[in-house]
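Novice: Sharing a structure, written as structure tokens. Questions coming.
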Amino acid sequence: MRVAIVTDTNSGISVAEGRELGVFVLPMPLLVDGQIRYEGVDLTPEEFYEAQQAGRDVSTSQPSPGDVMDLWDRVLEEYDALVYIPMSSGLSASCQTALALADSYDGRVQVADLRRISVTQKLAVLDGLELAKLGLSAVEIREELERVAMDAMIYIGVETLTYLRRGGRVTPAAAALGSLLNIKPLLKIQGERLDAFAKVRGVRACKQRAVEALRESVEQFQAKGWSFVVGTAHTYRTPEEIRDWQRTLEDNFPGIPACHGELALSIGCHTGPGAFGMGLVRRVELPRQ
């Protein structure tokens, strides 16, 4: 059985990168001044953040059922089945929509509700590819990915509260006070939730708190004997900022496999440019051939 792996750009995998990896990628729609644009197709991160910084109206949107099914139908012309790995059901209704649409495909479409996004979702896609290469069925791949789904987390810090305020995640009063006191929130995504994890003074302290939180999680994974990967994600716009953040991870977690990527625009909608994320992902245990 030939099984394809399908995801969306919330994974941080672009349509072009998906072609190189052998993954089919659904570009996520976003609204810019009320017009639908597609991530990585007719909307680049540079264009998105320029519009956001200019104060234009930008917001997230769900892919239409037609777009989802069109992609699935094209894939199933070549493959026997597919595993669809969308963004977390806790952060968008698009996963629930996909689960409902899959009912009409007689088992050929398996939707993996992994409650992940960004680098943690990307690592699940890479695991899915490896399992497909080993000849597992779509059901077996979905079940194996879901078995370790909750063993992943991302810590995200922001340089400004402006965009969290615009998105309604921080009240105007709290944003004003936070800016006055230079308070930076550290957010945590694990499972279905995006929660405030800590509040610290200044960007440098926020980054250090992210490192400390990740180190605690790494020690827990090591104690359980799990195979895992650490990673960074960001909305930085310069190569220097990106490399500095990646080096922070590598210097603090030497010898541990690492994965790097950009935060999806659906997260950037709330964080704005200059956001920095650091995460940890348990890998599936590949069956021996």
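The values are calculated or read from the model by the stated rules, or taken from the named source; none is laboratory data. All figures in this text were calculated on a predicted structure; none of them were measured in a lab. Ideal geometry is used to build each Cβ from the backbone, glycine not excepted, and the neighbour counts take in all protein chains shown. Ligands, DNA and RNA are stripped out before the accessible areas are found, and what is left, the full protein with its side chains, is counted by its heavy atoms. Shrake-Rupley method; radii C 1.70, N 1.55, O 1.52, S 1.80 Å.
Novice: How high is the relative contact order of the chain? Use alpha-carbon pairs under 8 Å, at least six apart in sequence, and give a whole percent.
Specialist: Once normalised by length, the contact order is 21 percent.
Novice: Suppose we keep just the DSSP beta bridges with both residues in the chain; what percent of those would be antiparallel, to 5?
Specialist: Numbers: 32 of 49 bridges.
Of all bridge pairs located within the chain, approximately 65 percent are antiparallel.
Novice: Also, quick follow-up: Rg/Rh for the chain to two decimals, with Rh computed the Kirkwood way over all alpha-carbon pairs.
Specialist: Working: Rg = 18.8 Å, Rh = 19.4 Å.
Result: Rg/Rh = 0.97.
Novice: Work out which GluC sites (Glu not before Pro) in the chain are exposed loop sites (DSSP not H, G, I, E or B, at most 16 other Cβ within 10 Å) and give the longest gap free of them.
Specialist: No qualifying site falls inside 79-191, the longest such stretch.
Novice: Short version: what are the Cα gyration tensor semi-axes of segment 76-122, square root of 5 times each eigenvalue, largest first, in whole Å?
Specialist: 20, 13, 6
Novice: Here's something else I'd like to know. Would you grab the residues whose amide H sits under 5 Å from the one on V200? Only those 5+ places off in sequence or on another chain, please, with H modelled 1.01 Å from N.
Specialist: For V200, whose amide H was placed from the backbone, the distant partners under 5 Å are K184, L186.
Novice: Taking every DSSP beta bridge with both residues inside segment 9-144, roughly what % is antiparallel (nearest 5)?
Specialist: Percent antiparallel among DSSP bridges in segment 9-144 is about 65.
Novice: Would you mind listing how long segment 215-269 runs along its three principal axes, going by Cα atoms, in whole Å with the largest first?
Specialist: Extents along the principal axes, in whole Å: 36, 24, 16.
Novice: A further question on this structure: How big is the charge dipole of the chain about its Cα centre, in debye rounded to the nearest 20, if each Lys and Arg gets +1 on its Cβ and each Asp and Glu gets -1 on its Cβ?
Specialist: 1220 debye
Novice: Could I ask something else about it? Just to confirm a number: summing +1 for Lys and Arg and -1 for Asp and Glu over residues other than V139 whose beta-carbon lies under 13 angstrom from that of V139, what do you get?
Specialist: Working: positive: R108, R142, R147; negative: D80, D106, E140, E143, E144, E146.
Every neighbour counted, the sum reads -3.
Novice: Scan segment 188-234 for trypsin sites (Lys or Arg not before Pro) in coil per DSSP, keeping those whose Cβ has at most 12 other Cβ atoms within 10 Å, and list them by number. Provide the component values of the computation, followed by the final result.
Specialist: Details: sites: K188, R193, K199, R201, R204, K207, R209, R215, K224; in loops: K224.
Those satisfying the criteria are K224.
Novice: Segment 1-114: D in µm²/s via Stokes-Einstein (Kirkwood Rh, Cα pairs, 10 °C, 1.306 mPa s)?
Specialist: Numbers: Rh = 14.8 Å.
Estimated diffusion coefficient is 107 µm²/s.
Novice: Also, quick follow-up: Please determine, in degrees from 0 to 90 and to the nearest 10, the orientation of helix 138-147 with respect to the longest principal axis defined by the Cα atoms of the chain, where the helix direction is its Cα long axis.
Specialist: For helix 138-147, the angle is close to 30 degrees.
Novice: Please work out the Cα center distance from segment 67-122 to segment 11-30, rounded to the nearest Å.
Specialist: Taking the Cα centre of segment 11-30 as reference, the centre of segment 67-122 is 13 Å away.
Novice: Using each residue's phi in segment 120-125, evaluate 6.51 cos²θ - 1.76 cosθ + 1.60 at θ = phi - 60° and report the 3J(HN,Hα) Karplus result to the nearest Hz, with x for Gly and Pro.
Specialist: Listing the rounded values in order: 5, 5, 4, 5, 5, 4 Hz.
Novice: Find which of A112, Q53, A124 sits farthest along the positive direction of the dipole of segment 26-170, computed with +1 on the beta-carbon of Lys and Arg, -1 on that of Asp and Glu, about the Cα centre.
Specialist: Q53
Novice: Quick one: 3J(HN,Hα) in Hz for segment 268-273, Karplus 6.51/-1.76/1.60 with θ = phi - 60°, rounded, Gly and Pro as x.
Specialist: Couplings: x, 4, 9, 9, x, x Hz.
Novice: Considering every pair of different Cα atoms, what Kirkwood radius, in Å, is found for segment 30-72?
Specialist: Details: mean 1/r = 0.0897 Å⁻¹.
Kirkwood hydrodynamic radius for segment 30-72: 11.1 Å.
Novice: Under the rule of at least 5 residues apart or a separate chain, name every residue whose amide H is placed under 5 Å from the amide H of S227.
Specialist: R283
Novice: Give me the percent of accessible area attributable to carbon and sulfur for the chain, probe 1.4 angstrom.
Specialist: 47 percent
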